[in-house]
1. State log₁₀ I(q)/I(0) for the stretch 42-121 at q = 0.23 Å⁻¹ as given by the Debye formula over alpha-carbon point scatterers of equal weight, solvent excluded.
2. Rounded to the nearest 20 debye, what is the charge dipole size of the stretch 134-272 about its Cα centre when +1 sits on each Lys and Arg Cβ and -1 on each Asp and Glu Cβ?
3. Give me the distance in nm between label points sitting 7 Å out from Cα along the Cα-to-Cβ direction at ALA233 and ALA368, one decimal.
4. If you take the beta carbon distance between TRP148 and THR170 as r and set R0 to 22 Å, what does 1/(1 + (r/R0)^6) give as a FRET efficiency, to the nearest 0.05?
5. Taking the Cβ-Cβ separation of PHE252 and LEU44 as r and a Förster radius of 30 Å, what is the calculated FRET efficiency to the nearest 0.05?
6. Taking 0.36 nm per intervening residue step and subtracting the Cα-Cα distance, what contour gain separates VAL17 from ARG118 on full extension?
7. If each of THR162 and GLN527 carries a label point 7 Å out from its Cα toward its Cβ, how far apart are those two points in nm?
8. Based on the mean of other Cβ atoms within 10 Å per residue, sort peptides 451-461, 91-101 so the most packed one is first.
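What follows is calculated from the coordinates using simple rules that are stated; it is not laboratory data. What you see is a predicted model, and the numbers here were worked out from it, not measured in a lab. Positions of Cβ are backbone-derived with ideal geometry, glycine not excepted, and every protein chain shown enters the neighbour counts.
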Amino acid sequence: MKFSLNQRWILLSTVVVLIHFHFLWQWGHWMWGREHYQFFPMILAGFGWLAWQATAEIRWPSIPACSMRAWVYLVASASAYALAAYTGSHWIGLISCLMSMWTVTWFLGGVVAADLLRGPMLFLALLIPLPINLDLQLIVSLQKFATWFASGGLDLAGIRHTVSGVAIRTALKAYMVEEACSGIHSLFSAVSAMIFFGVYCRYGVPRLVLTLVQTLFWVVAANAFRVFLIVYADSRFQIQLDTGWRHDMLGFAIYGLVLVSALSFDQLLRFLFPMSRGAVISAREELDEVILKPFRMFVDEVIDRPRLKGRQAVILPIAAALLVYLPSVGVAVVRQWKNSSVPTGQSIEAVGAVTQFKEDSLSTSAGAFTKAGFESISRDPSDPFGMSSSIWQFNGHGLSASVSVDGMYSEFHDLAYCYTGSGWKLEAAENGFLMQNGLAIPHTRMKLYKNSGEQAVVYFSCFDSMRKPVDPPDVSGSILRMLKNRLVSGGLMGSPKAPIVPPVFQVQLMVASGKELLPHELSVLEQLFNDTRAQILTQLSAGQ
């Protein structure tokens, strides 16, 4: 059976997806567990439609040809796949899949196909999530901007309030922006919708960057307006817009406002700077002729000139790819088999136990501290603070300490993001160990402060569903160090860390004070954290 080159592109792209299926399945599961990425199936559908439109216009070469550029892409994509298989990284595996599809495009269609499919492939690249928790940092930063803008509007409206991080407090109620303004998560879907529009209109890269920036502005502005409306309506008219069907309807309306505003601004730019597609092509040709001609000649004659044609251009690259992909597939399968051998039968029991703590789950006293209160909080499962928190209050040594069990999370939960989003600033953090039943249990200690002069100390440890401690990453906070931690966990640098069995829960102790805590105070707090943590783990083990 003979296939047209258009059908061959679809067939080979399908083969690429099947080769990467293990990583894509992991990636899809990870994305679906995060509210701000759950729209990703729409990107797949959008890419399919854009690619179908583009391939209908492609005049595929009658004979496949292989250039030096295609060989470079093949080496890069195969190397990415080998790295993904070795480290077990679905993030690198997704990148490898996209690179391999781009390689197939160059092998079968060359420059002509690449020019028409560049836009759809760029849109498909939106599937790549921001690495090393940069998405959480971005969301917290945008929530702070939204809080600041909303606070200015409330000042103009005469609503008395105070702001702390991403929290707005009036005389009667406190509003957390991630709850009152969960629409900030619409950033990623709104940006994807506008990039889809830009690719459909065949915008160039500079215009797409401008589209991204202006969409970001409208997302922050619209969600700041949303927070303002929620606080203003509750304060002035006792109309609650932060819960129930009103909250959902307001969310849909704000999302629509974002898209309408972004599209309107885009049309304004087209009116102020009218450029037809013919004018853009003419300007590009003039730029190529005046500035880029020598470079373009080099690219055409050296990089993109076909080196192999016909059957050789198909058989040799496929044979070379198999030499890399087949061993890497074997490594990925072995890694998956080893990970699947880890028992997971305790996960459901752990979830139930963590959400069923009561006031008497901890003893009335711990050392010189006495239990003074208890609170249980339930949240949306997608909330970054976790679906539940059981909080005990302990008083002693002139201090008031909050001990809590929080969960559940898919991986190690870094409390620094939560506290910096709540108005605190991180002064220092360090990892350490405390002995418990003859075992050294890791924990992280953070020192926090506010501009008002308030100080705080937080101790916390994370445990998986088997109640095994989750090793905390390096607390330096730099992007390069976080990247190194991910490579270590995958086994690329040093010994790989033991796999965790999600979900993950967290035990923490937090003390706020108007002054810096003294060494002896830190010592008794550390002992309180160790004692209460031991009781919590004992309760969980008894309830399995």
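1. -1.05
2. 240
3. 5.1
4. 0.85
5. So, using R0 = 30 Å, E works out to roughly 0.85.
6. Computed gain between VAL17 and ARG118 is 34.5 nm.
7. According to this spin-label approximation, the distance is 3.4 nm.
8. 91-101, 451-461
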